[in-house]
Amino acid sequence: MSVEPLDRVGIVGLGHMGASLAGALAPHVAVVGYDLSTASVDYVRRQFEVEVTRSLEDLVRASDVVVIASPTPSVRQIRDEIDRLAGAMGRRPVVCDIASVKRELALDSPMPSTIRYVSLHPMTGREGNGAKSADPSIFVHANWALVLTGHEEPGALALATRVPLMLGNGVVPIELTDHDRAIAMVSTLPHVSAVALGRLVGEGESHALLQLLAAGSIRDSVRVARTEPTRIVEMLYPNRSQLKAAIDALISELEACRDNLDDEAWLLAWTQSGNRGAEGLLPRNDSKRMHRVPLPELASEFQRMARVGGVVVELTQSAETIMIVSVGGETSGDELS
């Protein structure tokens, strides 16, 4: 068993994320993009000088890895259509989604029979909507979640993982059952709080004065609320079950602060705890560790990493052995200088 070459990546859906990914990948690998919107296809072709097609069949035929970058509600339909087309061609491409919520994708059910499926989630983005808001720089220093269901083929995992790694991004293996709960805290909840703050300062009786006084703290806090509203709803609604618990946790924090505003010592301890949490979100320079596994054991190794933590930063093959370089977590292996 060996890892196939990755000569061309196909991207289905050239909205904000798909177009940004096309632009980021173009200097590293051949890219072909597809979208139902003629305007999006033409913009991406001109802006990033990538190959485009108005035929999903042509994209499937040409691509080693197909990335579905469409809104979450359409992913399963596109996945099934790619499976049908690949079956008719006698191909078994690696197909990935980059949806921010996995609940509605039925990833724990049997996958289509032809394609080899791997679910990814780039932890990046910015406000805006559509191809013209594309910004390839969002993939600088980004981590991607590699969502594990237990059904992935080792060769497909190795090939799919090369997409973020060629951008210099890290890959975080995570179990399917943990993904949406974690995303509710670090991605969807910040959008909820930003929208709530935007409403408070932008639609209240004193909104005109507040807008004049607004500076960096409030502007940074509401930044993601400037995302096109339908994109925000596409994140909130599918993850509503996990998001409710996250909102409850935030409400508890705010209520505790409200109830202890007269206790200066409590406020100091509370803010110190929040400061430590915020500092922990900044990039770290952890030592790299290297370990080797046979390619057939790659899925098991990623599942182990999902339990103990860690970020894959390099993955190379020698004969039938995969060398993994990772940082963070409790990953075993030889420390690199």
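The values are calculated or read from the model by the stated rules, or taken from the named source; none is laboratory data. Please read these numbers as outputs of a predicted model, since none were measured by experiment. Glycine gets a Cβ as well: all are built from the backbone with ideal geometry, and neighbour counts include every protein chain shown. Just so you know, the surface numbers come from the protein's heavy atoms only, side chains and all, with ligands and any DNA or RNA stripped out. Shrake-Rupley method; radii C 1.70, N 1.55, O 1.52, S 1.80 Å.
Per-structure values
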read-out	value
Conditions (1) touching a residue at least 24 places away in the same chain (Cβ under 8 Å); (2) in a loop (DSSP other than H, G, I, E, B); number of the one not met by Ser109	(1)
Subset of segment 223-271 [acidic (Asp, Glu) and touching a Gly at 6+ places or on another chain (Cβ under 9 Å)]	Glu228, Glu253
Hits in segment 130-169 (condition: assigned to a strand (DSSP E or B) and among the aromatic types (Phe, Trp, Tyr))	Trp144
Scope segment 239-272; condition open to solvent by 60 Å² or more (accessible area, probe 1.4 Å), farther than 14 Å from Arg181 by Cβ and not hydrophobic (A, V, I, L, M, F, W, C); matching residues	Ser252, Glu253, Glu255, Arg258, Asp259, Asp262, Asp263, Glu264, Thr271, Gln272
Neighbours by Cβ (under 6 Å, 6+ apart or cross-chain): first from segment 143-156, over 13 Å from Gln303 (Cα atoms); second part of a strand (DSSP E or B)	Asn143/Gly170; Asn143/Val172; Trp144/Leu120; Trp144/Pro122; Trp144/Val171; Ala156/Val94; Ala156/Arg116; Ala156/Val118
Some residue of segment 264-275 being over 26 Å from Met185 (Cβ atoms) and modelled with pLDDT of 85 or more	yes
Verdict on Leu209 being among the aliphatic types (A, V, I, L, M), more than 26 Å from Arg8 (Cα to Cα), touching a Leu at 6+ places or on another chain (Cβ under 9 Å) and open to solvent by 30 Å² or more (accessible area, probe 1.4 Å)	no
Val172 being under 30 Å from His28 (Cβ atoms) and assigned to a strand (DSSP E or B)	yes
Among the candidates Ala39, Ala22, residue that is within 25 Å of Glu234 (Cα to Cα) and open to solvent by 40 Å² or more (accessible area, probe 1.4 Å)	Ala39
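Every residue, every condition in (1) touching a helix residue (DSSP H, G or I) at 6+ places or on another chain (Cβ under 6 Å); (2) over 21 Å from Leu167 (Cα atoms); (3) in contact (Cβ under 8 Å) with a residue 60 or more places away in the chain; (4) surrounded by fewer than 19 Cβ atoms within 10 Å (Cβ to Cβ), yes or no:
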position	(1), (2), (3), (4)
Arg92	no, yes, no, yes
Val118	yes, no, no, no
Thr124	yes, no, no, no
Pro136	yes, no, yes, yes
Phe139	yes, no, yes, no
